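Structure first, commentary second.
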Amino acid sequence: MNPRALQRLLAPRSIALIGGAWADAVAAASRVIGYPGEVWRVHPSRPSSPAQQYYASVDELPAAPDAAFIAAPSHQVPAIVAALARRGAGGFVCFAAGFSETASAEGERLTRELLANAADLPFFGPNCYGFVNFFDAVALWPDQVVGERRDRGVALICQSGTLALNLLFNERSLPIGCVLTVGNQTRLAAEDLIELLCDDARVTAFGLYLEGVRDATHFARAAARARAAGKPIALVKSGRTDAATRTVRSHTGALAGADAAFDAFCTQAGIARCESLATLCETLKIFHLGGPLPGRRVLAMGASGGDMAMTADAARQLGLNFAPIPAAATASLREILSDRVHISNPFDFHTHVWFDRPRQRAMFGVAQRAGYDAVALMVDCPPASADASTYISVIEEFAAALPGAPTRAVVISSLPESLPRATRERCLAAGIVPLQGQREALEALDLAGAVGETWLRAAGCVELRVPRGARKAAQTLPEHAGKSALAQFGVPVPRGVLVSTADAASAAAQLGFPVVIKAAGAALEHKSDVGGVVLHVSSAAEAAAAAQRLSSLSDTVLVEEMVTDGVAEILVGMSVDPQFGQLLLLGAGGVLTELLRDSVSLLPPFSAAATEAALRKLKVWPMLAGYRGRPAADVAALTETVLACTRYAAANLERLVELDMNPVIVRPVGRGAVAVDALIRLVEER
C-alpha cells in the first residue's frame, strides 16, 4: 500500500460525500470536529440551494477529492468507485453493505467489481463506519463524534462500527487520537494501518478489535514494526469459543482448537490480548503514558484493609507479583507510620496519615522508590454531590512524591465510576495512570507487564511456518512408520519390532520383558479405545495370550520394550493452523490429557529456553520438578525431544497435517525421555 495515498485519505484537504441521509450525518460530523477543508456533496437528484450545492456525479466535482464517503446502494458502488479512480481521487470509505460479508454469489461479484474498479485506490470497507482522525480534524463518520482534538493519543482500529462507537463513548479518559473501522478488510486491513501509523509520532499505542486476521504473515510483520517503533498493541479478538473448522483426529488438534494459534502469537509477539473493552481501555492508558511496564512486580497500597484483601483475591489468577516490600523500605515506612501499621504487600497504611500531608508524601516517596515496576494507590472518590477534597489531596501527595521515581504510578478505583473525569485528567497531567475498576485495572497491569517482559527478551519475535499449498486429503502413518520417521530427527522411541501375531512371543523374549504389545492395523489410530494395547507383558506365555487376543483387531502386532520408570507423561504435538501455520502444543499426557486439558501452545522459532518456559506453565510441571519426594524428571531430555519433533515438522512443512506424540514418558534426571506412542497424518502424495 502506498503510504502517500493512504495519508491523503486519512488527512484529506477535500472530501466528497456521496449519498443521502448517511452522507448528511458525515457532513454533520465534519462540522462537529471542525474539519477545515473542502466538503463537496454528491447526489443524483437533490437540488442545490444557496446553503448547499449538490453535484449529480463524481465527474462534475470541481477537482479530484482526497477522500470520499460512499453511502449509495451496493449495486451502484462499483461505478462510483470507477469514477473516483478516473478522477484521481485519494481513496474512499465504502459505508455500503451487501458485498462479500453476505457470502452470496452477488456479493462476491460486487466485491470483485469493486476491487477491479478501485485500481490502486486505498479504501475502507465495504460495510464499515469510516474513521475519525482527531489529530487532523477529519470525520468520515456517519454518527456522533465524541472526543476532542489531540496532539498525541492511541489509534483504535476496529472491525465493528458499533464497538468503535462504544470505545469513543468511554468515560475513562482514554486519549484517542484516531479511530478507524475496516469492515470487510477488502483492501485496507488492520495490518496496513498499523504499518502506516507506526511512523506517526503522534500515535502512542494501538488498540484493536478484530474478528479475524486477513493476512497472518503481514499482521506479524506489522506487529514487529510497531514493537520496533515502541508502540505497543492491545486488542480484543472475538472467536475464542468457535469450534475448529477442520476435522481433527488427534489430541493435539482437539486441544489446539481455533484460537490457540492466535493466543500463542499474541504472547510471543508481545501483544496484550484483553478479555473485554474495559480492560482494553485501561491497558491502553498504561501504554499511552509510558509504554509497557518493565515487568509485573507491583506494590498495591491504600487506606483500607478490605481494598487490599480484595486486591490480593482479584489478582490470584493473574501473573502479578506482589513481592514483599524490601527491608530498607520497610524500615523507612515503619519510621514514618509507627509500629501500629503492618508493612506488607498489598499494603494497608490505615488512616493514620489521612490528614497528614507531609507524612503522606514521605510514605509515597518511599513506596515509589522501593524497586517495583508499578506502584498502585487504591482510592475511590465520592460523587460530585459530596466533598472529595481529602481524597483528592491524597492523590495530590501521591503525585507530588513521584518526580524522579523509577517506577510507574497508577491510581485505581475499585468501581469504574468512582474516579471523576477531573481527577483522571489531573492524574494524566501528573504522569499517573488513572485506572478504573479493580479487576480490569489489575488485568491491565498484568498485561502491560507481560508485554514489557516479552519486549525485554531478545527472542520475543514470531516466525510463521505456513504451508504454501491448500490442504489435501491426508493419510495416517502406521505407528511404527511414524516412530521410525521421528527417530531420524532425534526423537527417542522404544526398541520394537513389527511381527505377525504368531511370532509375538519370540519377539518379546528377544527384546526382554516387560514389553508392550499393540495391534498394528492401518486403521487403528486410537488403539487404547478398542482394547488394542496390552501393557506389562512379563513372559512368553503372556505375550502369546496377548497376541491371540489382539488377532481379532490385526494380523500383525508391534512389540516394544516397556518404560517402567516414568516420572511424568507429556503430550507433544504439532498442528497446522490455516493462518498461522505450524503450532507446537505441549500438555499433560496419557490418561490426564482429556481429564485436565492442560496445555500451552507455541509458534516458531522454537528454542530450548522457550520450550522449558512453556513446560513451566503447565499444571503438571510440579511432577516434572519432583513432586512430594518423587524424583525430578529429565526436563533437558524432554526439551530435546520436543525440539526434535519440531525439526521433523519443519522438514515436512508442506505435507504435515498433524502430529501427536502421546505420551512422551519422561524418566528421572539423566535417563532421558521416550515417545511411546505417535500419530502422524500427512497429505497424501499423488
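Among all positions in segment 332-350, there is at least one residue which is hydroxyl-bearing (Ser, Thr, Tyr), farther than 13 Å from residue 299 by Cα, modelled with pLDDT of 95 or more and surrounded by 20 or more Cβ atoms within 10 Å (Cβ to Cβ). Can you pull out the residues in segment 274-292 that are surrounded by 22 or more Cβ atoms within 10 Å (Cβ to Cβ) and not in a helix (DSSP H, G or I)? Within segment 274-292, 274, 292 meet the criteria.
Name the residue that is nearest to residue 125 (Cα to Cα), counting only residues in segment 155-179 that are in a loop (DSSP other than H, G, I, E, B) and not hydroxyl-bearing (Ser, Thr, Tyr). Let's see the steps before the verdict.
Quick first cut of segment 155-179, residues in a loop (DSSP other than H, G, I, E, B) only: 159-160, 169-175.
Next, from what is left, pick out any that are not hydroxyl-bearing (Ser, Thr, Tyr): 159, 169-172, 174-175.
Numbers: 159: 9, 169: 22, 170: 24, 171: 28, 172: 28, 174: 26, 175: 25 Å.
The selected residue is 159.
For the subset of segment 647-686 comprising residues that are under 30 Å from residue 631 (Cα atoms) and β-branched (Val, Ile, Thr), which member is most open to solvent (accessible area, probe 1.4 Å)? The selected residue is 669.
Can you report the number of residues in segment 130-176 which are within 18 Å of residue 197 (Cβ to Cβ), of a type in the set (Phe, Trp, Tyr) and open to solvent by 10 Å² or more (accessible area, probe 1.4 Å)?
The first filter runs over segment 130-176 and keeps only residues within 18 Å of residue 197 (Cβ to Cβ), leaving 130-141, 147, 149-159, 164, 167-168, 174-176.
Filter once more, so that each one left must be of a type in the set (Phe, Trp, Tyr): 131, 134-135, 141.
From what is left, the residues that are open to solvent by 10 Å² or more (accessible area, probe 1.4 Å) are 135.
The total comes to 1.
I'd like the residue in segment 596-613 that is charged (D, E, K, R) and closer than 15 Å to residue 572 by Cβ and, out of all such residues, is farthest from the chain's Cα centre (by Cα). Taking the candidates together, the pick is 612. For segment 449-471, residues that are surrounded by 13 or more Cβ atoms within 10 Å (Cβ to Cβ), modelled with pLDDT under 95 and in contact with a strand residue (DSSP E or B) (Cβ under 8 Å, 6 or more places away or on another chain) total 4.
Of the residues making up segment 180-196, those that are open to solvent by 10 Å² or more (accessible area, probe 1.4 Å) and part of a helix (DSSP H, G or I) are 192, 195, 196.
Could you check segment 353-377 and list, in sequence order, the residues that are open to solvent by 60 Å² or more (accessible area, probe 1.4 Å), without any contact (Cβ under 8 Å) to a residue 40 or more places away in the chain and in a loop (DSSP other than H, G, I, E, B)?
Hit for segment 353-377 is 355, nothing else.
Which of the helices (runs of 4 or more DSSP H) contained wholly in segment 436-516 include at least 3 residues that are within 28 Å of residue 653 (Cα to Cα)? Before you say what the answer is, go through the steps one by one.
Details: elements: 438-456, 479-487, 504-511.
Where helices (runs of 4 or more DSSP H) fall fully within segment 436-516 and carry at least 3 residues being within 28 Å of residue 653 (Cα to Cα), they are 479-487.
Report yes if residue 625 is small (Gly, Ala, Ser), more than 25 Å from residue 563 (Cα to Cα) and open to solvent by 50 Å² or more (accessible area, probe 1.4 Å), otherwise no. No.
With a cut-off of at least 3 residues that are out of contact with any Cys (no Cβ under 9 Å at 6 or more places or on another chain), name the strands (runs of 3 or more DSSP E) lying wholly within segment 594-686.
Values: elements: 599-602, 656-666, 673-675, 679-683.
Those strands (runs of 3 or more DSSP E) span 599-602, 656-666, 679-683.
Under the condition of being farther than 18 Å from residue 554 by Cβ, surrounded by fewer than 18 Cβ atoms within 10 Å (Cβ to Cβ) and of a type in the set (A, V, I, L, M), the residues counted in segment 486-510 number 2. Given (1) open to solvent by 10 Å² or more (accessible area, probe 1.4 Å); (2) out of contact with any helix residue (DSSP H, G or I) (no Cβ under 7 Å at 6 or more places or on another chain); (3) under 21 Å from residue 645 (Cα atoms); (4) in a loop (DSSP other than H, G, I, E, B), where does residue 564 come up short, assuming only one miss? For residue 564, the exception is condition (3).
The values are calculated or read from the model by the stated rules, or taken from the named source; none is laboratory data. This is a predicted model, so every value here is computed, not measured. Reconstructed Cβ throughout: ideal geometry from the backbone, glycine too, with neighbour counts over all protein chains shown. Areas reflect the complete protein model, heavy atoms only, side chains present, ligands, DNA and RNA absent. Shrake-Rupley method; radii C 1.70, N 1.55, O 1.52, S 1.80 Å.
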